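Here, each number is a calculation from the coordinates, and none is a lab measurement. A quick note: this is a predicted structure, and the numbers were derived from the prediction, not measured. Cβ atoms come from the backbone with ideal geometry, glycine included; neighbour counts cover every protein chain shown.
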Amino acid sequence: VEQIITPNRFFENPLDATYLSLLKNGYGIILRGQRYSHLYWHCQAIFPVSVGDKLKAGKIVAYIGNSGLVYRGGVFVPLSIRNDKPYLGAHLHQEIWDREMGNERKDPISFIEFNLPVNYAIMDMIGSVRIVLYKIMSLLK
């Protein structure tokens with residue numbers, strides 16, 4: 001995990017700072033692989049990982065939130081109703097940046113292998129929830 005971005009904490013980073021500065025009003029995470037940086041945006045505020053963590057495939061790194069501009073059928077969905085059924089706000093913004101090509105943006109769909117099963121152990125999921133609960137409890141102290 002290279003960086004976790006929150007509204008109160010926005011760091012310098014290897015990606016285009018002008019573009020990322022537009023995103024600083026929400027929650028996101030940047031994962032840095034050998035060649036690509038992956039940015040996930042519109043996440044919930046508490047992450048089950050920390051900066052510096054080394055990750056393996058299938059690791060839960062964030063939970064989908066509902067921030068950002070959301071439209072359904074061309075109509076803006078206000079934040080005040082996004083948590084009501086039918087839950088129109090939950091979504092994920094993902095970007096992939098190729099550092100070897102000068103941080104060129106790539107289409108995330110071309111990186112997804114839809115026929116592969118999602119492989120994570122139940123203990124990974126429980127561990128992620130445990131970390132999030134620990135972080136929430138730390139904030140409440």
Sticking with the crude label model, points 7 Å out along Cα→Cβ, report the distance from Asp53 to Leu140 in nm, one decimal please. 2.1
Between Leu79 and Arg35, 0.36 nm times their residue separation minus their Cα-Cα distance comes to what? 12.3 nm
As a quick test, which of the pairs Lys56/Lys106; Lys56/Lys85; Lys85/Lys106; Lys59/Lys85; Lys106/Lys135 have an alpha carbon distance above 27 angstrom in this structure? Lys56/Lys85; Lys85/Lys106; Lys59/Lys85; Lys106/Lys135
Mind ranking 111-117, 84-90, 51-57 by how tightly packed they are, going by the mean number of other C-beta atoms within 10 angstrom, highest first? 84-90, 51-57, 111-117
Based on Cβ point charges of +1 for Lys and Arg and -1 for Asp and Glu, what charge dipole magnitude is obtained for region 31-128 about its Cα centre, in debye rounded to the nearest 20? 120
